[in-house]
Structures are given as structure tokens and as C-alpha cells.
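As C-alpha cells, the structure follows; a few thoughts come after it.
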Amino acid sequence: MAESVQDSPKPRRFVSLRWRWAATVGFGIFLTFLVFSIIIYGVMRQTLIAQEKSTVTDTVNAVRSRLTPVADNLTVSSVRPLLDSSSNENFDQYIPGDTTHRSIFLDTTFEKMSREDINVTVYDKKGALLFNSRSTPQRFIKSPHLTIKAERNGHFDGLVGRTTVVSDSTGRRIGYIQVADSMTNFHKTMNRITGTIYAVSVAALLISAMVGFWMAARFLKPIKRITTMIDKINSEPQSDSRIEQIDSNDELSHLISEFNAMLDRIQRFIDQQSDFVGDVSHELRTPVAVLEGHLQLLNRWGKDDPEVLDESLTASLQEVARMKSLIQEMLDLTRADQVDTQFPTAVTDVRAVTSQVVGDMQMIHPDFNITLEDELTGETWVQIYRNHMEQVLIILIDNAIKYSRDRKEVHVSIASSHNEVDLAIQDFGEGISPENVQRVFHCFYRVDKARSREKGGNGLGLAIAKQLIDGYHGEISLDSAVGSGSVFRIALPRLTPERLKELQKLNEADSEDAEAVIGRDIKNSEL
Ligand code: ADP
């Protein structure tokens, strides 16, 4: 008991498709936005860093070009006048082209140096600090060439450019320059971009969730209608309501029309079933009533009156035989429904079967002249189970005999076109009126009920024949004129030699398998 409780799967929590859809769409839109934001953020960051690097390079080069005319090792007194604006007396007397007395703040390159986040430091050959344009200098590192590195320590997070100063006149190393760029603007810009991305991301998430929810609600509306309709049909199985079609031509409108068509089919099937049950009980009522009458007769007088006994027993046996045949025909009719799945590989030579059935019927009815007009030249194979072909021919020839009049003739003909085999069964009997031509193929339909019953008919023969021929993808039709007779025509698809070989091979394999199973069973039983 405990095991079965453990084994039973946990019922899964219901998660509305609408929410799932909204979440998926929302997440999808958000993800796309995020990827784009990251790409834009990355590209902007790279561009701004490149700009800052070029500022550092320009500043290093500018300071170096200012110091390289100095011949001796750099000293405070040689550096300061060249770089410090406050000690530059020639500030107001800037002469273009005069490199020795140029004011640093009038030089466009030195304008860069004046930026608050740029700190220029100059060292002598031994690394002693000679000049510092702003407060805290970065760690001194000798660098023979121009290097620019990203560094972070304490409050500083930026770029540091380093280089060696070589005298133009002597070609000797006279000092070092370090330019530190704390990239205040860069950090400000990046912070602003990040903030904007966060804010827009939240807005995008909300908007995309709302759009997703709206889209889901819109697209799932027809599904909701279908569910409501299913609920309605479940609570009211006989209801003929259908789902209202939507004004679009897409998968959902197709789903609705398919669903409605399915409901129609099911409804037809249910109607047929209930008609059939009604017909069956109606058909059984008469023989049961007759049987009951005779048994009552027997009960009252039959025990003493041998004549009544004999008559009632004979009549009762007749009714039982009729009921037996009715039950058999009803069984045949229900089985005829699934012929193509029950006998998918059955093949039959129609020519041989027809001539055999015609011969048999002629033997049973010697007073009739049953002729066979055979236009075929050899074996003609059709995909049908042999017994079914025989059954259809017997039903039609039997009817032709049953409903004949003075002219006791039945003509059977068989011919074939390139992809079809055509059979015709013609009689010269009472015929069928045009309004009854289609009805005779319905279950239990008889043109003249009393007369048909008298002849032992249940009204199921033609229904069985039609069901079988339809099941094998053939066609059955009727031409008739009251008083002149009827012609029942059958057309069945003819098998191509290749397909015939294929099906025969399958049948051989099946029969070998069956033989093997029987052999094994016999062996087992002997043991
Ligand atoms: P039944 O068992 O009553 O013959 P069928 O389904 O074979 O049932 O036929 C249905 C009805 O069609 C018959 O009752 C009869 O009225 C009519 N019918 C069938 N075949 C013929 C025929 N060859 N000539 C005239 N009427 C026919």
C-alpha cells in the first residue's frame, strides 16, 4: 500500500501558458536588450580608453619635447621654468616659434596638461622628483621607452604614461617623465552610462513583460474558447455547439476548424451508434415477440396437443435461426469496419473467386441461369481478403435471386481497365425506385419490410457489402429501374505486379512465422 502511494506520480503544479509565454517573451526581449547594452557599453569604454591613452601619449610627448633641448642632467632649476607657469616670467610675452621661452599654458599641448585629472612628474637620472604639476605623484618606475599602463592604487584608477628624456644635443639620458591620468571624465561618463543602462533595463523588463503578457492574452484567447467549449461539451455531451471561428487565417483558426470538424464527426458517430442500437432492438423485438407467442402457445396447449407442439416448435426454431443470422450479420457489419487494418496484406485473384462463387450459386439455385461474362485474360489481383470478396458476391447474387420475378436470370460480368477491376451483377427482377437507390445501402433498410422478412432478409446485406468495399478503397454503385431490374457495380483498385510481389512476400513471411509458432507449440505439448 505504502509502495503504491510512493509510486504514484506527484501532480504537477498548474502554470498558466499565459504566464509562461509572458515570462518567455519578456525574458527574450530583455536578454536582447541586455546583449545590445553590453556591446554598446564595451564599444564606448574602448573608445573612451583609446582617447585617454592618446591624451596621455600626447602629454608625455609634449613634455618630453620641451625638456629634450636641455643638455645636462635635469635639475629643479632647469625643469621648473620650462614647465611651471607660475615661475614663467615670459608668460605675457609669448613669441611663436620661440621654444626656449614659451609659456606652457599658451601651448595647445600644455592645455591638456592643465586638465585636473592629469598629473605630470619629472625625475632626474637617479629618480629624484624634480617637478610635480599636481598633488600625489604615482610610484616612480624607470621606463626606457614610452609605456602606458592602467594602474589602480588608493584613490587613483587610471592610466600612467612613462618615458625617458634623452638630450637632443648630447644624446644622453637626462631624466624621466611620468604622466598620470586619473580619467575623471571617463569614470563619470561610464558611471552615467551604467546608470542609464540599469534604469532602461528595468523599464525594458517591465515593458517587455507587459508586452509579453498582452501578446499571450491575445494569442491564447482562442485556446481559452476551445477549453470553455470542451467543458461545455463534457457537461452536456449532446450539445451541438461549436467554437466560434476567429477572424484570421493561421494555425489557431485551422485548429478551431479541425476541432469543430472533429466534433461533427464524433457527433455523427454517436448518432449512428444510437440509431444502430435503436434499429437492433427494433429488429430483435419481432422475433422475440414471435418466439414468446409460440412459447405461450406451447405452455397452454402444446403439452397435450401434438399438432400445436410441432407447429410451434418449428416456428420457434425458424425465429431462432433468423435471430442467429441477424446476430451474425451484425457481427459481420461491425467487423467490416476495420478490414484494412485487420487484413492489410491480403490479396485475391478476383477472377478465380468470381468464377467459383458463380459456380457455387448456380449449383444451389439450379432453376436460375447465372452467367459469367469474363473479359479478363488472366489472373487479376486485388488487395482484398478472399472471404470478403466471396461474401460481397454472395450478398449481391443472393439479392438478385431473392428479388427476381419471372425472368430467372443473373448476369455477372468482370472486366478491367489499366488500374481497376470492374464487376457487375445484373438481374431482371423487381428493381428499386430512384429514391431508394441510396437508402438500400443503409443498415436495416428494406424497400418492402414484410416481403424482405418473408425472404429471410435482415436489411444488412448491402450495408455489409458497402462497408467491405469502402474498407478496401473500392466503390459500389447501383443502377436500377422499377420493374426492369438492377445492376450493382463494383470497382476495386487493381494491384500492380510490383505491389503484388511485395504483398505476397509479406504473406509468405507471415505464414512462415505462423508455422514456426505452431511447430514450437506442438513440440512444447509433446514434451
Ligand atoms: P436484405 O437482407 O433485406 O436483402 P439488403 O441490405 O441485402 O437486405 O437489401 C436491402 C434492400 O434492398 C432489400 O430489402 C430490398 O428491398 C432491396 N434490394 C436489394 N437488392 C435488390 C435487388 N437486386 N433487386 C431489388 N431490390 C433489392
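What number of residues within the range 215-230 satisfy the criterion of being open to solvent by less than 90 Å² (accessible area, probe 1.4 Å) and without any contact (Cβ under 8 Å) to a residue 60 or more places away in the chain? Step through it out loud before you land on a result.
Of the residues in the range 215-230, the ones open to solvent by less than 90 Å² (accessible area, probe 1.4 Å) are 215-217, 219-220, 222-223, 225-230.
Cutting the leftovers down to without any contact (Cβ under 8 Å) to a residue 60 or more places away in the chain gives us 222, 225-230.
Qualifying residue count for the region: 7.
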Look at the range 469-486 and say how many of its residues are out of contact with any Gly (no Cβ under 6 Å at 6 or more places or on another chain), more than 9 Å from the ligand (Cβ to nearest atom) and assigned to a strand (DSSP E or B).
4
Just the residues that are over 14 Å from ALA336 (Cβ atoms), within 8 Å of the ligand (Cβ to nearest atom) and out of contact with any Lys or Arg (no Cβ under 9 Å at 6 or more places or on another chain), please, taken from the range 445-468.
ASP448, LYS449, ARG451
Quickly run through the range 423-437 and pick out the residues that are open to solvent by less than 20 Å² (accessible area, probe 1.4 Å) and more than 9 Å from the ligand (Cβ to nearest atom).
LEU423, ALA424
Identify all residues within the range 423-462 that are under 17 Å from ALA400 (Cβ atoms), among the hydrophobic types (A, V, I, L, M, F, W, C) and not in a loop (DSSP other than H, G, I, E, B); write none if there are none.
LEU423, ALA424, ILE425, VAL437, VAL440, PHE441, LEU462
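What helices (runs of 4 or more DSSP H), lying completely within the range 323-422, carry at least 2 residues that are more than 16 Å from the ligand (Cβ to nearest atom) and surrounded by fewer than 16 Cβ atoms within 10 Å (Cβ to Cβ)?
Details: elements: 339-342, 350-364, 386-402.
Those helices (runs of 4 or more DSSP H) span 339-342, 350-364.
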Assuming ILE246 fulfils every condition listed in (1) modelled with pLDDT of 85 or more; (2) β-branched (Val, Ile, Thr); (3) in a loop (DSSP other than H, G, I, E, B) apart from one, which condition is it?
(1)
Within the bounds of the range 495-518, is there any residue that is within 10 Å of the ligand (Cβ to nearest atom) and either farther than 21 Å from TRP381 by Cα or in contact with a Gly (Cβ under 9 Å, 6 or more places away or on another chain) (or both)?
no
Among the residues of the range 146-156, which ones are modelled with pLDDT under 90 and either in contact with a Pro (Cβ under 9 Å, 6 or more places away or on another chain) or outside any strand (DSSP E or B) (or both)?
GLY154, HIS155
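Would a scan of the range 176-189 turn up a residue that is in contact with a strand residue (DSSP E or B) (Cβ under 6 Å, 6 or more places away or on another chain), under 21 Å from ALA71 (Cβ atoms) and either part of a strand (DSSP E or B) or of a type in the set (Val, Ile, Thr) (or both)?
Quick first cut of the range 176-189, residues in contact with a strand residue (DSSP E or B) (Cβ under 6 Å, 6 or more places away or on another chain) only: 176-183.
The next check asks that each one be under 21 Å from ALA71 (Cβ atoms); those that pass are 176-177.
Those left that are additionally either part of a strand (DSSP E or B) or of a type in the set (Val, Ile, Thr) (or both): 176-177.
Yes - at least one qualifying residue is present in the range 176-189.
Let's see how each residue does on (1) surrounded by fewer than 10 Cβ atoms within 10 Å (Cβ to Cβ); (2) modelled with pLDDT of 90 or more; (3) of a type in the set (Val, Ile, Thr); (4) outside the structural domain of LYS466 (by TED's automatic domain parsing):
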residue	(1), (2), (3), (4)
SER480	no, yes, no, no
SER484	no, yes, no, no
VAL487	no, yes, yes, no
ILE490	no, yes, yes, no
LEU500	no, yes, no, no
LEU503	no, yes, no, no
GLU515	no, no, no, yes
LYS523	yes, no, no, yes
LEU527	yes, no, no, yes
Restricting the search to the range 117-131, which residues are open to solvent by 50 Å² or more (accessible area, probe 1.4 Å) and either part of a strand (DSSP E or B) or outside the structural domain of PHE186 (by TED's automatic domain parsing) (or both)?
LEU129
Scanning the range 157-168 for residues that are in contact with a strand residue (DSSP E or B) (Cβ under 7 Å, 6 or more places away or on another chain) and assigned to a strand (DSSP E or B) gives GLY158, LEU159, VAL160, GLY161, ARG162, THR163, THR164, VAL165, VAL166
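The values are calculated or read from the model by the stated rules, or taken from the named source; none is laboratory data. Note that the structure is predicted; figures quoted are calculated from it, not measured. In this analysis, Cβ positions are derived from the backbone assuming ideal geometry, glycine residues included, and neighbour counts consider all displayed protein chains. Side chains included, ligands, DNA and RNA excluded: accessible areas come from the protein's heavy atoms. Shrake-Rupley method; radii C 1.70, N 1.55, O 1.52, S 1.80 Å.
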